[in-house]
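In what follows, a single structure is set out as structure tokens and then discussed.
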Amino acid sequence: MKYKILETLIKSNDFLTDERISRELGISTNCVCENIEKLKLDGNEIEYDEKKGYRILNTSDMLCFPYVFPKTEFVGKKVFYFDKIDSTNKVAKETKCCDGDLFISDMQTNGRGRMGKNWLSPSGCGIWMSIVLYPRIDMEKIMQVSLVAGISVCESLNNMYGIDCKIKWPNDIVCEGKKICGILVETKTEEKNVLKVIVGIGVNVNNETFPDELSDLAVSLKQITGKKQKRVDIVNYILRCFEKNYKLLFCENKSELIIDKYKKKCINIGKKVVSFGKNGKICGTAVDISSAGELIILEDNGKKTTVNSGEVSVRGIYGYI
Ligand code: BTN
């Protein structure tokens, strides 16, 4: 019932008396008062005037339904919310669910990063979420899903806050030379077939500081914009953007458009890079992105090499000079 009251207040965008709410929803005025208290406990700011009644000033930043409500076709339609979980990627991988379902937690105790690293995920500070997809594609196309995620986060932050985020291959989102978001795509496969894809997205939103070992590498949206930001608005925006780009790729077969969008945002292209991957250390200049999303490096010895995994340092980013 509290969410019906919330919806009524949001729709009216003005004061409503408890009698009016009780009439509209067919409940007692006592029930209205009780639920208004519950909504306040959830973090909604609700003003009260003896004559005019209640008015919503600001909705909660809780990361569950109905606050997470992206108005999409399938991405984020169903939300599994946790106050605390080890890793949203882990639980998303293990849980039986449907295409587009979202797993999101206020904090993670064992957030997973790329290359076996940990991902710092404190409470109230960030967006720690995983989108589950069942795309019926071959393993070779997985990298494209990961590019779609990078483009979508980058577009969302830039459009919402007018900032200048870029993508460091494959999908670190970087702002002012530091990492604001990391993306970890994991899969469940059977032989060569991909059964389930888990797109894990971690955005540093309201972190005030980072531990010493990360302070030169990581940055939060609050540090960039100078004020606290509402996580749930960013979640809804990213989910909408992700669905739009994902449909372009897999429903409208516009993979060239996706690669093109990616290249425009990719900070590596034209830069001196050092890659540490399966093929050992490669030094050269990043010159292009392949149709599968791999990074093409023109080595200092004149040889062209395609890199599809591992860590790539870019001159000038994260202190690599
Ligand atoms: C990276 O190392 O850049 C990737 C970080 C990915 C972190 C996110 S937070 C939500 C999801 N759950 C996890 O355990 N990891 C990803």
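Would you mind finding the one in Lys196, Lys179, Lys230, Lys244 that is open to solvent by 80 Å² or more (accessible area, probe 1.4 Å) and not aromatic (Phe, Trp, Tyr)?
Values: Lys196 fails: open to solvent by 80 Å² or more (accessible area, probe 1.4 Å); Lys179 fails: open to solvent by 80 Å² or more (accessible area, probe 1.4 Å); Lys230 fails: open to solvent by 80 Å² or more (accessible area, probe 1.4 Å).
Every option except Lys244 fails the conditions.
Could you list all residues from region 40-64 that are closer than 25 Å to Gly111 by Cβ and either under 16 Å from the mean Cα position of the chain (by Cα) or of a type in the set (A, V, I, L, M) (or both)?
Asp61, Met62, Leu63, Cys64
Determine whether region 172-189 contains at least one residue that is under 11 Å from the mean Cα position of the chain (by Cα), within 18 Å of Cys241 (Cα to Cα) and of a type outside the set (A, V, I, L, M, F, W, C).
yes
Among the residues in region 136-158, are any within 12 Å of the ligand (Cβ to nearest atom), in a loop (DSSP other than H, G, I, E, B) and either open to solvent by less than 10 Å² (accessible area, probe 1.4 Å) or within 19 Å of Glu294 (Cβ to Cβ) (or both)?
Taking every residue of region 136-158 in turn, none turns out to be within 12 Å of the ligand (Cβ to nearest atom), in a loop (DSSP other than H, G, I, E, B) and either open to solvent by less than 10 Å² (accessible area, probe 1.4 Å) or within 19 Å of Glu294 (Cβ to Cβ) (or both).
Restricting the search to region 276-297, which residues are farther than 14 Å from Leu147 by Cα and either in contact with a Lys or Arg (Cβ under 7 Å, 6 or more places away or on another chain) or of a type in the set (A, V, I, L, M, F, W, C) (or both)?
If the condition is that a residue be farther than 14 Å from Leu147 by Cα and either in contact with a Lys or Arg (Cβ under 7 Å, 6 or more places away or on another chain) or of a type in the set (A, V, I, L, M, F, W, C) (or both), then Phe276, Ile282, Cys283, Thr285, Ala286, Val287, Ile296, Ile297 are the ones that fit.
Pull out all pairs, ordered by first then second residue, where Cβ-Cβ is under 8 Å, the residues are six or more apart or on different chains, the first lies in region 59-81 and is on the phi > 0 side of the Ramachandran plot and touching a residue at least 24 places away in the same chain (Cβ under 8 Å), and the second is open to solvent by less than 20 Å² (accessible area, probe 1.4 Å) and of a type in the set (Val, Ile, Thr).
Short answer, once both residue conditions are applied: Gly76/Val68; Gly76/Ile131; Gly76/Val235.
Confirm whether Gly116 is more than 25 Å from Lys261 (Cβ to Cβ), within 12 Å of the ligand (Cβ to nearest atom) and open to solvent by 50 Å² or more (accessible area, probe 1.4 Å).
Details: more than 25 Å from Lys261 (Cβ to Cβ): yes; within 12 Å of the ligand (Cβ to nearest atom): yes; open to solvent by 50 Å² or more (accessible area, probe 1.4 Å): yes.
Here the answer is yes, as Gly116 does meet what is asked.
Output the residues belonging to region 88-102 that are within 8 Å of the ligand (Cβ to nearest atom) and either more than 15 Å from the chain's Cα centre (by Cα) or free of Cβ contacts under 8 Å to residues at least 40 places away in the same chain (or both).
Lys90, the sole residue that qualifies.
The values are calculated or read from the model by the stated rules, or taken from the named source; none is laboratory data. Bear in mind the structure is a predicted one, so any value in this text is a computation, not a measurement. So basically every Cβ, Gly included, is an ideal-geometry build from the backbone, and we count neighbours across all protein chains shown. Accessible surface areas use protein heavy atoms only, side chains included; no ligands, DNA or RNA. Shrake-Rupley method; radii C 1.70, N 1.55, O 1.52, S 1.80 Å.
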